[in-house]
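Below is one structure, written out as structure tokens; comments come after it.
The values are calculated or read from the model by the stated rules, or taken from the named source; none is laboratory data. Note that the structure is predicted; figures quoted are calculated from it, not measured. Quick reminder, even Gly has a Cβ in these numbers, built from the backbone with ideal geometry, and neighbours come from all protein chains shown. To get the accessible areas, we keep the full protein, side chains included, count just its heavy atoms, and leave off ligands, DNA and RNA. Shrake-Rupley method; radii C 1.70, N 1.55, O 1.52, S 1.80 Å.
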Amino acid sequence: MHMEVIVAKTAGFCFGVKRAVEQVYEQIKKAEKPVFTYGPIIHNREVVRDLEEKGVCVLNSEEELAALTEGIVIIRSHGAGKSVYDILKKNGITVVDATCPFVKKIHRIVQEQEATGRQVIIIGDPKHPEVQGICGWSGGGIRVVQNASELEKLPIQQGISWCLVAQTTFNYNKFQELVEKFEKKGYDILVLNTICSATQERQVEASRIASEVDVMIVIGDKKSSNSQKLYEICQKKCKNTYFIQTVGDFNPECVNSVRNVGITAGASTPKQIIEEVHANARIK
């Protein structure tokens, strides 16, 4: 029996991540000073391990940043708050800014909207580094909302204008639902859909493939929020959905005697891992 394997065209590195990772490798090649990344460059253990072997050191806190006396610090695609840039500037450390342009745009929106007197609400995960970075560009009045019950609890006064933005990797349908709930309350509200188009396309394609296959495989790091969301989306359409990090987690048994298998991968999954899983699924 011939089995078909469908690999999503949008699977793997998005433009922002690809650019950030390339910038780190570029710096390693030409840098005469030690190279650091502020936080792991992407949520992928294999890539981070490879960079560490090449001498790249991950800094995880502003205290560690402040202690630097020399070197090059790369800001990852998730971005960082204004205080991070201030520390590096004060200490004369070279900054290579690999913040994804979609995220940079939200940093600008926060500053511009607050300057006009609006209060900003981010729809997203308050624990996610991208969201924490966005909050770091606010004068202090910014709120983060993750779901409907948090929206209900918001202490909102009449007479204030609001601006709603989204974490770039937030689920588009959930964002729309929350926006509708907010709009029903009749506040003065400006909604800016800042979900990145690559995320949206990847989610739509993953959902479509999952609805057409017997088994769906989502490849991504367990810490990657966009991979986690892909898994949730695929599971709704295909109950035999598996979430794996590397080809080592792939159990060929799961594709036994099925007609077709779909594969997608999060924005922080290197092409090589996708190709290895694809090859292993085909061997059946």
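Points worth noting:
- Loop-resident trypsin sites (Lys or Arg not before Pro) (DSSP state other than H, G, I, E or B) in the range 102-137 with no more than 15 further Cβ atoms inside 10 Å of their Cβ: 127.
- Using the Cβ-Cβ distance between residue 279 and residue 32 with R0 = 41 Å, the FRET efficiency computed as 1/(1 + (r/R0)^6) comes to roughly 0.55.
- Rounded percent of accessible protein surface that carbon and sulfur make up, the range 184-245, 1.4 Å probe: 48
- Only aspartates and glutamates eight or more places from residue 105 in sequence, or on another chain, were considered; those with a Cα closer than 15 Å are 97, 114, 130.
- Calculated from backbone phi, Karplus (6.51, -1.76, 1.60) coupling profile of the range 124-136 in Hz, x at Gly/Pro: x, 9, x, 8, 7, x, 4, 5, 5, x, 4, 4, x
- Computed magnitude of the charge dipole of the chain (debye, nearest 20; Cβ of K, R +1, Cβ of D, E -1): 380
- In this structure the amide hydrogen of residue 217, modeled in the peptide plane, comes within under 5 Å of the amide hydrogens of 242, 262, 263, 264, none closer than 5 places in sequence on its chain.
- Alpha carbon centroid spacing (whole Å) that separates the range 142-158 from the range 253-284: 40
- By a 1.4 Å probe calculation restricted to protein chains, residue 69 has an accessible surface near 120 Å², given to the nearest 10.
- Sites residue 83 and residue 54, calculated FRET efficiency, Cβ-Cβ separation with R0 41 Å, nearest 0.05: 0.90
- For the range 1-37 versus the range 207-232, the gap between their alpha-carbon centres in whole angstrom: 19
- Additional length obtainable on full extension of the chain from residue 148 to residue 177, 0.36 nm per residue less Cα span: 9.6 nm
- In this structure the range 1-70 gives 59 Å² per residue of accessible area when probed at 1.4 Å with all protein chains present.
- Under the Karplus curve 6.51 cos²θ - 1.76 cosθ + 1.60, θ = phi - 60°, whole-Hz ³J(HN,Hα) for the range 52-62, x wherever Gly or Pro sits: 4, 5, 8, x, 7, 10, 8, 9, 10, 9, 5
- Theoretical FRET efficiency, 1/(1+(r/R0)^6), r = Cβ-Cβ of residue 260 and residue 236, R0 25 Å, to 0.05: 0.90
- Accessible area of the range 30-76 belonging to carbon and sulfur atoms, whole % at 1.4 Å probe: 48
- Of the residues 184, 18, the one with the largest accessible area comes first in the ranking 184, 18, computed with a 1.4 Å probe on protein heavy atoms.
- Solvent exposure of the range 72-180 amounts to 43 Å² per residue of accessible area, where only protein heavy atoms count and the probe is 1.4 Å.
- The stretch between residue 271 and residue 160 holds 35.3 nm of extra length on full extension. This uses 0.36 nm per residue minus the Cα-Cα distance.
- Karplus 3J(HN,Hα) series, Hz, for the range 13-24 with 6.51 cos²θ - 1.76 cosθ + 1.60 (x for Gly, Pro): 2, 8, 4, x, 5, 4, 5, 5, 5, 4, 5, 5
- Candidate aspartates and glutamates for bridging to residue 239, where Cα separation is under 14 Å - those fewer than 8 sequence places away on the same chain excluded: 212, 214
- Cβ charges +1 (Lys, Arg) and -1 (Asp, Glu), total dipole of the range 139-182, debye: 80
- Solvent-accessible area of residue 94 with every protein chain in place, 1.4 Å probe, in Å² to the nearest 10: 60
- Note on residue 214 and residue 3: the extension gain reaches 74.9 nm, defined as 0.36 nm multiplied by sequence separation minus the Cα-Cα distance.
- Long-range tail of P(r) for the chain (Cα pairs > 29 Å, %): 41
- DSSP-loop GluC sites (Glu not before Pro) across the range 6-38, with at most 10 other Cβ within 10 angstrom: 32
- Bridgeable lysines around residue 9 (alpha carbons under 21 Å apart, same-chain partners fewer than 8 residues away excluded): 18, 229, 236, 237, 271.
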